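So the structure is just underneath, and the comments pick up after that.
The values are calculated or read from the model by the stated rules, or taken from the named source; none is laboratory data. Just so we're clear, the structure is a prediction, and the values are computed from it rather than from any experiment. Note that we place each Cβ from the backbone using ideal geometry, even for glycine, and neighbour counts take in every protein chain shown. Surface accessibility is based on the protein's heavy atoms, side chains included, excluding ligands, DNA and RNA. Shrake-Rupley method; radii C 1.70, N 1.55, O 1.52, S 1.80 Å.
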Amino acid sequence: MYICLCHGVTDKKIEQTIDEGATTMRELSKELNVGSQCGKCCGCAKKILNRKLIEIADITDQVA
């Protein structure tokens, strides 16, 4: 699903960027330009970021 229409960024691309190490909205904006145009995508992008970071933290806890 497209999250940022201004730059054509999908939820999968945001998730991939998080998997590659992005942990903040600033990093997502730097890598994908999310939120740098009209800003309407920031809320959805932040939700994806938070969800993925929680998933990563849960996986890390299970491995440790």
Per residue, how many Å² of accessible area does the chain show with a 1.4 Å probe?
69
Per-residue SASA entry for Lys12, accessible area with 1.4 Å probe, Å² rounded to 10:
130
For Ile56, the accessible surface traced by a 1.4 Å probe with all protein chains present amounts, in square angstrom to the nearest 10, to 70
With n ≥ 4 as the cut-off for DSSP H runs, can you work out [θ] at 222 nm for the chain, using -39500 (n - 2.57) per run divided by the number of residues, rounded to the nearest 500?
-19500 deg cm²/dmol
Amide H proximity to Gly35 below 5 Å, modelled H, separation 5+ or other chain, gives Cys41
Only four residue types carry charge here, +1 at the Cβ of Lys and Arg and -1 at the Cβ of Asp and Glu. Report the dipole size of the chain about the Cα centre in Debye, rounded to the nearest 20.
380
Calculate what fraction, in whole %, of the accessible area of the chain sits on carbon and sulfur atoms when a 1.4 Å probe is rolled over the protein chains.
53
